[in-house]
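Please treat every number below as a calculation from the coordinates, not as lab data. All of these numbers come straight from a predicted model, not from anything done at the bench. Every residue, glycine as well, gets a Cβ built from its backbone with ideal geometry; the counts of neighbours run over all protein chains shown.
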Amino acid sequence: MITKDGYRGAMARLAAAVNVVTTDGPAGRGGFTASAVCSVTDDPPTLIVCVNLASRQNEIIRANRVLCVNTLAADQTDIATLFSTKELPIEQRFAVGHWSALATGSPVLDDAIAAFDCKVVERLERGTHSVIFCEVQAVRVRTDGEPLLYLDRRYRGIGAPLAELD
């Protein structure tokens, strides 16, 4: 039987993009740092975001029914840290960076590597987390810069690229 610590240790070796997930609507503005984001399909364009059931942000997204996944650049660790600090008021989180909106009204970080503006179409609950299926309504892509990664429980850049594969 696998232990919780064994599973968490193995997951720490799974490199993931660092994202700030934001929302705005009737329940107010919200946002948190997440690495549990994944593409589902491109027809219709859909991704999933996983968020802890105990998180206040989970309830804000549930009420607003929209969100934006902002994929951070390697030089945006300050934003990742702000949005992962639970005690920090939401206004202070959004005080850093330049924010705008696309289709849903969710905050979009203007210099994110990529932004996926979404409406929530389905939710599942498994263990300690909600799995939120999101249909992408608009995207914004930055063509320069490297993404910020999370590996071994710390932020990292990509580093030197590997030789191109044939």
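The listed residues are Ala103, Ala115, and the only one of them that is more than 14 Å from the chain's Cα centre (by Cα) and surrounded by 15 or more Cβ atoms within 10 Å (Cβ to Cβ) turns out to be Ala103. So, Ala73, is that one within 23 Å of Arg153 (Cα to Cα), within 17 Å of the chain's Cα centre (by Cα) and surrounded by fewer than 19 Cβ atoms within 10 Å (Cβ to Cβ) or not? No: the conditions fail for Ala73. Considering (1) surrounded by fewer than 22 Cβ atoms within 10 Å (Cβ to Cβ); (2) among the aliphatic types (A, V, I, L, M); (3) not in a loop (DSSP other than H, G, I, E, B), the lone condition that Ile61 does not fulfil carries the number (1). The residues on offer are Glu125, Glu87, Glu91, and the sole one that is within 19 Å of Val37 (Cα to Cα) and surrounded by fewer than 17 Cβ atoms within 10 Å (Cβ to Cβ) is Glu125.
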